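Student: This is the structure I have questions about; it appears just below.
The values are calculated or read from the model by the stated rules, or taken from the named source; none is laboratory data. Predicted model, so just to flag it, every value in this text is computed and none were measured. Cβ sites come from the backbone with ideal geometry, for glycine too, and all protein chains shown count toward neighbours. Surface areas here come from the heavy atoms of the whole protein model, side chains and all, with no ligands, DNA or RNA. Shrake-Rupley method; radii C 1.70, N 1.55, O 1.52, S 1.80 Å.
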Amino acid sequence: MEISALQKARYEYRPKLPACLAGSMHDIAIETGGAAEAVSDRDELKKIFKHTYGKPLITFSKGDNKQTNREIKAGVILSGGQAPGGHNVIAGLYDGLQKWNPGSTLYGFLDGPKGLIKNKTTILTGEIVDAYRNTGGFDIIGSGRDKIEKPEEFAASLKTAKTLGLNAVVIIGGDDSNTNAALLAEYFIEQGSDIQVIGCPKTIDGDLKNEYIETSFGFDTACKTYSELIGNIMRDANSSKKYWHFIKLMGRAASHIALECALQTQPNVCLISEEIEEKKISLNQVVDIICDSIIKRAENGDNFGVVLIPEGLVEFIPEIKQVINEINDAIARDRENFSKVGSFIDQLYWFSMRISEVSYRILSALPPEIGMEFLMDRDPHGNVQVSRIQTEKLLIGMVEKKLKTLKDEKKFIGSFCAMGHFFGYEGRCAFPSNFDSDYCYSLGLSASVLIASGLTGYLACVRNLVAPPDEWIAGGVPLTMMMNLEQRRGAKKPVIRKALVELSGSPFKSYKSLRDTWLVTTSFCVPGAIQYFGPPEICDQPPLTLQLEKNKKE
């Protein structure tokens, strides 16, 4: 198969490493900190994680490692949606195990967690791993969204690990996947097994983070990819001067992607879901915010612009959130009968007797093509699939309607022509940026050190990421310290807490200080394509939001 010149060049890229991970793996010492406590619900979590709660923080440094040169057999899982850099995590893990002992074996579980449950594997050789270094995608072994939840699935997972003679399982995933990793680590110990479980923080949404996990991998590349596309659209808009572009961006539970892309490109409007929720801004008020920009720009003769919309916005608008919750509850109570209801009109009638009058009025007032999207097949947790709700089209329709009224009242003198976009899959499998390539490779190496050191129930971590890579700090964070209890399917379950955009944080404050100017003026910034070759200040920069959080950018 022919490969591109860029792909050939990326194969040859050698990720930059933290000083503690450079050189011999046998010179990496393990330093332990104090016992790590969970963010909340500590007493309940201690009961659930009897064997793995309260573990210490781990930091690597240069020194003597007392571990033997034993051969290690490990298995790796790619879990959930794709994120740029996953292949480099596997490459780092493979290289680390080989450095510990060339006789070590790395199995890849095929198509996500079900590969562990059903014992579907491939042995990852150097030749295979080399063909995926510094490339995007998860196609080396595939991924999946299956969860290890039922008792028989936990039992099957342990059976597979024992059958293969594994010393460890590495789960590369987001908050739900690493919650699975924590539960699996606890289960293995409970069953008298010494098989270790290690996690790695993945999600382009950027909502798996805390003081030790400064960012999840893939976020940087995805945001730079989206920002390139947004910048291209901005230049087109400023050239033709006749379209308003409504761009929905991935990020269901948090608006980190929207905020990062806004800081990189400077749109006229960027909606931040967390602010919408905190201020209880209604759907009509959201429309007013957008119309305010359109009207003011039209007064300057600018009948064009760009609006950024986080994927999960509708779940943060108070009245829409209530509609979604009531729909979810109604379906959960009578799923069998609802599945028999055919047309959207019949579904509306079915809900008229099962949700509140206010929620029914909102649902029935939505354009039918949008309303139907609220009632589509649910995700594995029984929730509406917000990525399938065309929020950008909903807002375009409502803005058009309001502007027509304002025009009739002589309060709007311009023209309005809109186009909708959704940038999601375009960013999930891009060639990882140098930052993500370096970060992911270091995460993989860190996972190998945690395994060789006999640790379990940890998430590999690399911090101080705004510094040059040789100053990065590598180690491990106990998975249980990131947990809280959440209501899932009628019961409280341990879940890694999602990190939302902090409205008191530097990134949002920076955006807030500039948005009134962007609302009216054409302040577009065109970042261009990701650069892989050249000066570090162009090629190796971490996300802007991370730089602002660490006070490394004005």
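Student: All but one of (1) surrounded by fewer than 17 Cβ atoms within 10 Å (Cβ to Cβ); (2) closer than 30 Å to Ala491 by Cα; (3) at pLDDT 95 or above hold for Gly103; state the number of the condition that does not hold.
Tutor: (2)
Student: OK, next. Can you work out which of the residues in region 40-78 that are of a type in the set (Asp, Glu) and either on the phi > 0 side of the Ramachandran plot or touching a residue at least 60 places away in the same chain (Cβ under 8 Å) (or both) is most open to solvent (accessible area, probe 1.4 Å)?
Tutor: Applying the filter and picking the extreme gives Glu44.
Residue by residue, here is whether (1) more than 30 Å from Gly85 (Cα to Cα); (2) without any contact (Cβ under 8 Å) to a residue 12 or more places away in the chain; (3) part of a helix (DSSP H, G or I) holds:
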residue: Ala332; (1), (2), (3): yes, no, yes
residue: Lys340; (1), (2), (3): yes, yes, no
residue: Asp346; (1), (2), (3): yes, yes, yes
residue: Trp350; (1), (2), (3): yes, no, yes
residue: Ile396; (1), (2), (3): yes, no, yes
residue: Lys402; (1), (2), (3): yes, no, yes
residue: Phe416; (1), (2), (3): yes, no, no
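Student: Considering only residues of region 13-30 that are modelled with pLDDT of 95 or more and outside any helix (DSSP H, G or I), which is most open to solvent (accessible area, probe 1.4 Å)?
Tutor: Among those that are modelled with pLDDT of 95 or more and outside any helix (DSSP H, G or I), it is Arg14.
Student: Given (1) open to solvent by 50 Å² or more (accessible area, probe 1.4 Å); (2) in contact (Cβ under 8 Å) with a residue 12 or more places away in the chain, identify the lone condition not met by Gly81.
Tutor: (1)
Student: Continuing with the same structure: If the requirement is being open to solvent by 10 Å² or more (accessible area, probe 1.4 Å), at pLDDT 95 or above, touching a helix residue (DSSP H, G or I) at 6+ places or on another chain (Cβ under 7 Å) and not acidic (Asp, Glu), which of these qualifies: Leu459, Leu544?
Tutor: Of the residues listed, the single one that is open to solvent by 10 Å² or more (accessible area, probe 1.4 Å), at pLDDT 95 or above, touching a helix residue (DSSP H, G or I) at 6+ places or on another chain (Cβ under 7 Å) and not acidic (Asp, Glu) is Leu544.
Student: Kindly list the number of the only condition in (1) open to solvent by 40 Å² or more (accessible area, probe 1.4 Å); (2) of a type in the set (D, E, K, R); (3) closer than 30 Å to Asp236 by Cβ; (4) without any contact (Cβ under 8 Å) to a residue 24 or more places away in the chain that fails for Lys296.
Tutor: Just one mismatch for Lys296, condition (4).
Student: For region 375-397, enumerate the residues that are open to solvent by less than 50 Å² (accessible area, probe 1.4 Å) and at pLDDT 85 or above.
Tutor: Ile389, Thr391, Glu392, Leu394, Leu395, Ile396, Gly397
Student: Here's a check for you: in region 129-152, which residue that is farther than 13 Å from Gly86 by Cα and open to solvent by less than 60 Å² (accessible area, probe 1.4 Å) is farthest from the chain's Cα centre (by Cα)?
Tutor: Out of the qualifying residues, it is Ala131.
Student: Could you tell me which numbered condition Arg428 fails, if it satisfies all but one of (1) open to solvent by 20 Å² or more (accessible area, probe 1.4 Å); (2) touching a helix residue (DSSP H, G or I) at 6+ places or on another chain (Cβ under 8 Å); (3) over 22 Å from His87 (Cβ atoms)?
Tutor: Unmet condition: (3).
Student: Between residues in region 308-319 that are among the small types (Gly, Ala, Ser) and residues that are open to solvent by 20 Å² or more (accessible area, probe 1.4 Å) and at pLDDT below 95, which pairs lie under 8 Å by C-beta distance while being six or more apart or on different chains?
Tutor: Final answer for the pair search is Gly312/Arg252; Gly312/Ala253.
Student: Could you please find all residues in region 181-226 being open to solvent by 10 Å² or more (accessible area, probe 1.4 Å), acidic (Asp, Glu) and at pLDDT 95 or above?
Tutor: Glu186, Glu190, Asp194, Asp205, Glu214
Student: For Glu315, state whether it is under 23 Å from the mean Cα position of the chain (by Cα), more than 11 Å from Val501 (Cβ to Cβ), at pLDDT below 95 and of a type in the set (D, E, K, R).
Tutor: In short, yes.
Student: Does Glu369 satisfy being open to solvent by 50 Å² or more (accessible area, probe 1.4 Å), closer than 17 Å to Ile389 by Cα and either part of a helix (DSSP H, G or I) or modelled with pLDDT under 90 (or both)?
Tutor: The answer is yes for Glu369.
Student: What helices (runs of 4 or more DSSP H), lying completely within region 212-312, carry at least 3 residues that are touching an Asp or Glu at 6+ places or on another chain (Cβ under 8 Å) and farther than 18 Å from Ser510 by Cα?
Tutor: Here the list reads 219-240.
Student: Please state which of the following conditions Asn178 fails to meet, knowing it meets all the rest: (1) touching a residue at least 60 places away in the same chain (Cβ under 8 Å); (2) of a type outside the set (Val, Ile, Thr); (3) surrounded by fewer than 24 Cβ atoms within 10 Å (Cβ to Cβ).
Tutor: (3)
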